[in-house]
Amino acid sequence: MGTEDGARLRALTIDAFHIPTATFGRKRPESDGTITWNSTGLIVVRLTAGDTTGLGFSHAPTATLGVIRDILWPVIDGMDTRDTERIFWAMARAVRNTGWRGLCAAAISAVDIAVHDLAARLAGVPLTQYLGGAHHTIAAYGSGGFTDYTDHELTEQLGLWAEHGLRAVKMKVGSQPDDDPRRVALAREAIGPHVELFVDANGAYERKQALHLADRFADLGVTWFEEPVSSDDRTGLRLLRDRMPAPIRVAAGEYGYTPADFRDLITPGCVDVLQADATRCGITGFRIAASLSRTHGIPLSAHTAPALHASVAAAFDGAINVEYFHDHARIAGALFDGVPALRGGELVPDRSAPGHGLELKEADAQPYRVASFTRSTTDTAAGNTPHTE
C-alpha cells in the first residue's frame, strides 16, 4: 500500500466539460416529463497521492469546479486517502452554510469517487472488490425513450436494446399525459412480451392522474413506475405505492443527495425500489443507501452513470440493476477508456485492474473542455498561484 505519506492527498486537477446532446446522429434538445436540455455537464476530478492518481466525476455544471477548488480542497488537502469516511464527512461539514444538496453534493461526490478510486488503486484491488465484491456482474436496463422522440425513434431505440439482450428498458413519460398510454403501447409492441418495460415520469404527474395512468400502464405490462409524482411529495409516493396495481413497483431516490434523503424515502414506506446515484451522493452515500435498503428489505437500483455504477453497484448484495442511460453511456464511451463491457444484458466490471479502471481520453475530451484547475500541496506551501483556465 505504500508509506503513510504516500497515501496523503497532494495534488488536485479539475476539468469541466460541456457536451451537446446527440440523438440518432443529430444535435438537438432532449426532454423528459418536466424539463428540456441541450447539453450535459461533466466534472472530472483527479486526486494524486504519491505517484498514484484516482479519478472521479459527476454530471454537473461548470460552477461545480469552484466549489471543489474553494471549499473542499482546502479541507482535504494532505488527508490520508484511505480515510474515506473521514474525508467525506469533512467535506459535508465544509458546505454547511453553503447548502449540501445540488451543486455542492455533485462536488462532494466527484471528489469522494476519486478518493475511493485512489484508495482502491493504492490497495491494488478493483473498486468493486474494495467496496465489498458482492457480484461479478450487474444487470443493466436501457434508458432513454425521451418525450421529444418521434414514434419511430422511440421504437427503434427500445427495440434495439431488446434485440441486444437487455432484459428491461425504460422510457420517459409526462410531457403529454393524454398521449402516454399510446406511446407506452408502441414501446411494448417494439420490445415484445418478454422484456420488462419501465416508465419514468420525473415527477410530472399529479397523484390521482398518476394512479389513473398506472392502471392503463399495468394493462400494457409496465412493471416499474419511477417518480410518478415528485420525490419531494413523500405522502403522494406512499399513497401511490400502496395503491399501485401489481406488479408495478414505485421507484425513487435519484435526488438523494444526503444520507437523510434515503432514510426519508424508506422509513415512511415511499418506494418499492430505492434508487441511488453515486455522482450525486458519492460512493459513501451510495454505501449508506445500500445498507438502508438491505436493512429494510428493499432492492437498490443505481441511477445513470453506468460506466461508474457497474463497479459500485456490483459491490453490494442488494443492488439489482444499473440504469444504462443513453446520454451518459454515449459520453463515457467517447471520453473514457476502461468503460465496463455490456454483455448479455449485464455490465461487467473489470476485476483485473485496480480502482474502477476509467481513464480520461485527453485528446478526445479536449474539444468539450470549458474550464480546468490544478493545485498541489507544494504550490500551496510555496504560495504559488495555481493554474486555472
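Heavy-atom accessible area with a 1.4 Å probe sorts Lys361, Lys27, largest first, into Lys27, Lys361.
Relative to one another, the C-alpha centroids of region 262-336 and region 195-237 are positioned 19 Å apart. Length available on full extension from Thr377 to Asp337: 0.36 nm per residue minus the Cα-Cα distance, which gives 11.6 nm. To the nearest ten degrees, helix 151-163 and the longest principal axis of the Cα atoms of the chain are 70 degrees apart. Simple point charges give the picture: +1 on the Cβ of Lys and Arg, -1 on the Cβ of Asp and Glu, and for region 211-323 a dipole about the Cα centre of about 260 debye.
About the centre of its Cα atoms, the chain shows a dipole size close to 500 debye [charges on the beta carbon of Lys, Arg (+1) and Asp, Glu (-1) only; nearest 20 debye]. What does a probe at Val370 reach in region 36-57, counting residues whose amide N is under 12 Å from the point 7 Å along Cα→Cβ? Counting backbone N atoms under 12 Å from the label point, the list is 38-43.
Here's how it looks for Ser39: its modeled amide H is under 5 Å from those of Thr21, which are all 5 or more places away or on a different chain. Positive end of the dipole of the chain (Cβ unit charges, origin at the Cα centre): among Ser291, Leu342, Ala134, the Cα lying farthest that way belongs to Ser291. Here region 286-359 is treated with +1 on each Lys and Arg Cβ and -1 on each Asp and Glu Cβ, and its dipole about the Cα centre works out to around 180 debye.
Of Trp224, Trp161, the order by accessible heavy-atom surface (1.4 Å probe, DNA, RNA and ligands excluded), from most exposed downward, is Trp161, Trp224.
Relative contact order, whole percent, for region 122-260 stands at 18, derived from Cα pairs under 8 Å and 6 or more residues apart. In a solvent-free Debye calculation with one equal scatterer on each Cα, what is log10 I(q)/I(0) for region 230-388 at q = 0.09, 0.14, 0.16 Å⁻¹, listed in the order of the q values? Log-scaled intensity ratios, in q order: -0.39, -0.81, -0.95. Ordering 166-177, 92-103 by mean Cβ neighbour count within 10 Å, with the highest value first, yields 166-177, 92-103.
Listed cross-link partners Lys27/Lys172; Lys172/Lys361; Lys172/Lys208 are compared with a 26 Å cut-off, the Cα-Cα value being larger for Lys172/Lys361. 3J(HN,Hα) along region 111-121, derived from phi through the Karplus expression 6.51 cos²θ - 1.76 cosθ + 1.60 where θ = phi - 60°, amounts to 5, 4, 5, 5, 4, 5, 4, 5, 4, 5, 5 Hz, with x in place of Gly and Pro. Rolling a 1.4 Å probe across the protein heavy atoms gives region 56-173 an accessible surface of 34 Å² per residue.
The values are calculated or read from the model by the stated rules, or taken from the named source; none is laboratory data. Worth saying up front: this structure is predicted, and the values here are computed from it rather than measured. Quick reminder, even Gly has a Cβ in these numbers, built from the backbone with ideal geometry, and neighbours come from all protein chains shown. The accessibility values were calculated without ligands, DNA or RNA, using every heavy atom of the protein model including side chains. Shrake-Rupley method; radii C 1.70, N 1.55, O 1.52, S 1.80 Å.
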